Amino acid sequence: MFQWKKLLTVGALCIASVMTLAGCGGQQAATSSSSSSSSASSSAAQTIKVGSAVDFAPFEFQDEGQAEYQGFDMDLIRAIAKEMGVEVEIQNIGFDGLIPALQAKTVDVLISGMTINDERKQNVTFSDPYYESGLTMVVREDEQNIKSFQDLKGHKVAVQIGTTSAKEVKKIEGVEVKEFNTPADCFMELKSGGADAVINDRPVNDYFITKSGQTGVKELEEKLTSENYGIAVAKDNTELAGKINAALKKLKENGEYDKIYAKWFGGAKK
Ligand code: ARG
């Protein structure tokens, strides 16, 4: 009899820990209650599901041992939700799976350092731009041959799959393009010598080099593109886009946007 009980307890513990693990990586619910000035009247606030590729510091990332997803986008979407009087639940989805997830209605909103462009506009509706970005290149510190995008011919370049970097690098003639799931994978490839350059968003390259104390690599100044980030909703959901824009505008007016900006980029806008 005793053995049976033990077995059951062990079994229950296993199931519980599997469930916890499954919950950990995938989703985060965050409340955005009390001080909201918006007019949501019901006590059970509505929850919006947000998709993000949480691999893009300082916009969306998760430090070891840290429960919450963090970064500029994460703070911004939580502030927007608070302003709208709704709760957010953030799901970590690979970047190239984000627009499909929005189209399948797995999520309602995407915030992921996502560049507004015409191609994507065919499938989603973007909010007003919320961050000015662009693409730069990272090479090994001792690199002698690559000083500009024009020098990439005959070289291997690592990019994140589904991104504007992947799209742009394919326009450069004679480049061997290597696509990876995350920017971290791209940087690993660069360091190990499997690629000679990484093309990626400038603020993420900046952060990688300066904040994460990387050695052996350097970022070149030259910009390949100028881009604007937008928050995406389903193509036909212009109502939600309108609400997001109104919240964004409010946060820009009341200084909250600037506070979040200063927290992640230290004040002055680039
Ligand atoms: N801005 C680029 C794009 O929209 C890269 C975005 C990558 N975002 C991410 N969370 N990994 O294609």
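Each value in this text was obtained by applying a stated rule to the coordinates, not by laboratory testing. Computed from a predicted model, the values in this text were never measured in an experiment. Reconstructed Cβ throughout: ideal geometry from the backbone, glycine too, with neighbour counts over all protein chains shown.
Within the shell of other residues whose beta carbon sits under 14 angstrom from the beta carbon of Lys178, the net charge comes to -2, with Lys and Arg scored +1 and Asp and Glu -1. Amide hydrogen proximity for Ile48: with H placed 1.01 Å from N in the peptide plane, the residues at 5 or more positions away or on another chain lying under 5 Å are Glu87, Val88, Glu89.
How about the stretch 98-164: which GluC sites (Glu not before Pro) there are in a DSSP loop, with at most 15 other Cβ atoms within 10 Å of their Cβ?
Values: sites: Glu119, Glu132, Glu141, Glu143; in loops: Glu141, Glu143.
Passing sites in the stretch 98-164 are Glu141.
This ranking places Ser52, Ser133, Ser226 by how few other beta-carbon atoms lie within 10 Å of each, fewest first, which gives Ser226, Ser133, Ser52.
How would you rank Met74, Met188, going from fewest to most other Cβ atoms within 10 Å of each one's own Cβ?
Values: Met74 26, Met188 15.
Least crowded to most crowded, the residues run Met188, Met74.
Sequence-ordered 3J(HN,Hα) estimates for the stretch 119-125 from the Karplus curve with 6.51, -1.76 and 1.60 and θ = phi - 60° stand at 4, 5, 4, 5, 10, 9, 9 Hz, glycine and proline given as x. Only Cα pairs under 8 Å and at least 6 apart count here; give the relative contact order of the stretch 164-249 as a rounded whole percent. Value for the stretch 164-249: 16 percent. Summarising the amide proton neighbourhood of Ile172: residues at separation of 5 or more, or on other chains, whose placed amide H is nearer than 5 Å comprise an empty set. Legend: calculated FRET efficiency, Lys170 to Gln103, from the Cβ-Cβ distance at R0 = 22 Å, rounded to 0.05, equals 0.40. Placing unit charges on the Cβ atoms of the charged side chains and taking the dipole of the stretch 139-270 about its Cα centre, the candidate lying farthest along the positive direction among Val177, Ile231, Ser165 is Ile231.
Amide H to amide H distances under 5 Å link Ala158 with Lys178, Asp196, Ala197, Val198, Ile199, where only residues 5 or more positions off or on other chains count and H is placed in the peptide plane. Among the trypsin sites (Lys or Arg not before Pro) in the stretch 124-164, those placed in a DSSP loop whose Cβ has at most 15 other Cβ atoms within 10 Å are Lys147, Lys153. The alpha carbon centroids of the stretch 125-168 and the stretch 179-245 are separated by 8 Å.
Note that the stretch 142-148 has calculated 3J(HN,Hα) couplings of 8, 5, 9, 8, 9, 10, 7 Hz, one per residue in order, obtained from phi through the Karplus relation 6.51 cos²θ - 1.76 cosθ + 1.60 (θ = phi - 60°); glycine and proline are x. Counting neighbouring beta carbons within 10 Å and listing from fewest to most, the residues Asp185, Asp55 come out as Asp185, Asp55.
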